[in-house]
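Everything below concerns the one structure shown next.
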Amino acid sequence: MITILAIESSCDETAASVCRDGIILSNVISSQKVHEKYGGVVPELASRAHLQSIVPVVESALEIANADLAEIDAFAFTQSPGLIGALLVGTEFTKSMALAFGKPLIAVHHMQAHVLANLIQQKDKKNEIPSFPFLCLTVSGGHTQIVLCESALSMKIIGQTLDDAAGEAFDKSAKIIGLPYPGGPLIDKYAKQGNPDKYKFPEPKIEGLNFSFSGLKTAFLYFIRDEKIKNENFVEENLADICASIQSRIVSVLLNKLKKASEETGIKEICIAGGVSANSGLRNAFEKLGKEEGWKTFIPAFEYCTDNAAMIAITAYYKYLDSQFEELSVVPSARTA
Ligand code: KG4
Ligand code: ZN
């Protein structure tokens with residue numbers, strides 16, 4: 001029996017999870033509210049909030065899992081990428097537990113973990129997981145990637161964004177129409193009542209499997225600016241249609257490339273992951289495309305899409321099986337390394 005305690009602190013979520021033999025026993029997330037009024041995450045405030053939340057979050061994860069610190073076989077943490085001060089809190093806290101209990105330390109890459117959220121087996125649920133090789137569209141606030149996953153510990157990026165991430169495209173579009181940060185979930189909410197074909201936004205013309213969202217963002221900015229000159233209440237009067245239309249374009253950009261990746265690799269086991277995979281428009285369109293293309297599709301449960309520690313724990317489990325441990329001198333890295 002292998003029990004792992006994992007911590008995620010790369011951005012504005014303080015999270016802890018206990019996983020036993022690949023099954024998630026607890027998944028506790030404390031989201032930082034302090035950033036809302038600034039329209040984005042303020043790194044120093046994130047570090048301070050992690051310091052305040054980390055002990056209660058870990059205690060709660062242990063309690064829900066009915067586990068004791070002395071039973072933990074390995075301690076895992078998000079090492080990169082992320083905000084350096086935020087990562088430092090999780091890294092040093094985890095190192096001190098590993099040192100105190102004399103147990104192995106496991107460093108996890110946040111983007112690898114988003115992909116492996118698809119391998120999570122939930123307690124009391126016999127959910128199917130993808131078999132290798134599979135493709136994963138990982139869409140978060142900082143990344144947009146198509147990953148070819150050969151095994152849990154071997155994956156390569158076959159396409160990625162050249163500028164903004166899909167989550168940024170959502171958040172920046174939301175900001176343009178006056179919605180608070182993070183705007184992605186709000187666009188999703190208003191889009192449900194809107195007509196996705198009302199306004200047409202351009203599809204970027206990018207070669208291969210790469211993405212670009214900055215041109216779309218600029219087109220959206222000018223469109224809103226011009227319409228507001230004609231009618232100052234344009235956004236308020238058409239909010240649902242605007243949200244549905246921009247969401248529909250972001251989703252079609254993502255799925256057209258994913259379809260291309262499947263055609264080029266011949267792989268039909270396809271997953272999505274990352275914060276934007278919580279988007280209902282993307283989830284529905286992905287399932288629909290999957291049926292048309294004869295794919296076997298996988299989407300992590302909602303709570304494993306946005307930042308969480310269960311995905312860190314499952315990745316750590318596979319690293320544990322492969323004896324991929326770190327020295328106590330390990331340091332976090334802000335960049336993908
Ligand atoms: O993976 P994640 O939680 O954090 C990063 O690693 O970046 O992703 C956060 C991103 C944000 O841009 C947020 O707006 C977006 O995911 N997001 C959504 C939805 N839920 C989260 N975007 C669109 N629709 C949603 N329902
Ligand atoms: Zn993330």
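Test Phe325 against the stated conditions and say whether it is surrounded by fewer than 18 Cβ atoms within 10 Å (Cβ to Cβ), aromatic (Phe, Trp, Tyr) and over 19 Å from the mean Cα position of the chain (by Cα). Let's see the steps before the verdict.
Values: surrounded by fewer than 18 Cβ atoms within 10 Å (Cβ to Cβ): yes; aromatic (Phe, Trp, Tyr): yes; over 19 Å from the mean Cα position of the chain (by Cα): yes.
Judged against the criteria, Phe325 is a match.
Comparison of Ile146, Ile120, Ile177 shows that the only residue that is within 30 Å of Glu237 (Cβ to Cβ) and surrounded by 17 or more Cβ atoms within 10 Å (Cβ to Cβ) is Ile177. Restricting attention to region 24-62, the residues being buried (at least 16 other Cβ atoms within 10 Å of the Cβ), of a type in the set (Val, Ile, Thr) and either in contact with a helix residue (DSSP H, G or I) (Cβ under 8 Å, 6 or more places away or on another chain) or modelled with pLDDT of 95 or more (or both) number 6. Pairs meeting the criteria (first residue in region 290-311 and modelled with pLDDT under 95, second residue of a type in the set (Asp, Glu) and assigned to a loop (DSSP other than H, G, I, E, B), beta carbons under 6 Å, at least 6 apart or on different chains) are lacking. One residue stands out among those in region 1-23 that are within 14 Å of ligand 1 (Cβ to nearest atom), at pLDDT 95 or above and not in a strand (DSSP E or B): the one that is farthest from the chain's Cα centre (by Cα), which is Ser9.
Taking each residue of region 169-195 that is within 20 Å of Gln32 (Cα to Cα) and touching a residue at least 12 places away in the same chain (Cβ under 8 Å) and looking for partners that are more than 9 Å from ligand 1 (Cβ to nearest atom) and not in a helix (DSSP H, G or I) with beta-carbon atoms closer than 6 Å, six or more apart or interchain, yields Tyr181/Gly39; Tyr181/Gly40; Leu186/Leu179.
Among the residues in region 263-271, are any over 22 Å from the mean Cα position of the chain (by Cα), on the phi > 0 side of the Ramachandran plot and not hydroxyl-bearing (Ser, Thr, Tyr)? Looking through region 263-271, at least one residue is over 22 Å from the mean Cα position of the chain (by Cα), on the phi > 0 side of the Ramachandran plot and not hydroxyl-bearing (Ser, Thr, Tyr).
Scanning region 306-323 for residues that are closer than 17 Å to Lys123 by Cα and outside any helix (DSSP H, G or I) yields Asn308, Ala309.
The values are calculated or read from the model by the stated rules, or taken from the named source; none is laboratory data. Just so it is clear, the model here is predicted, and its values are computed rather than measured. Cβ coordinates were reconstructed from backbone atoms using ideal geometry, including for glycine residues, and neighbour counts include every protein chain displayed.
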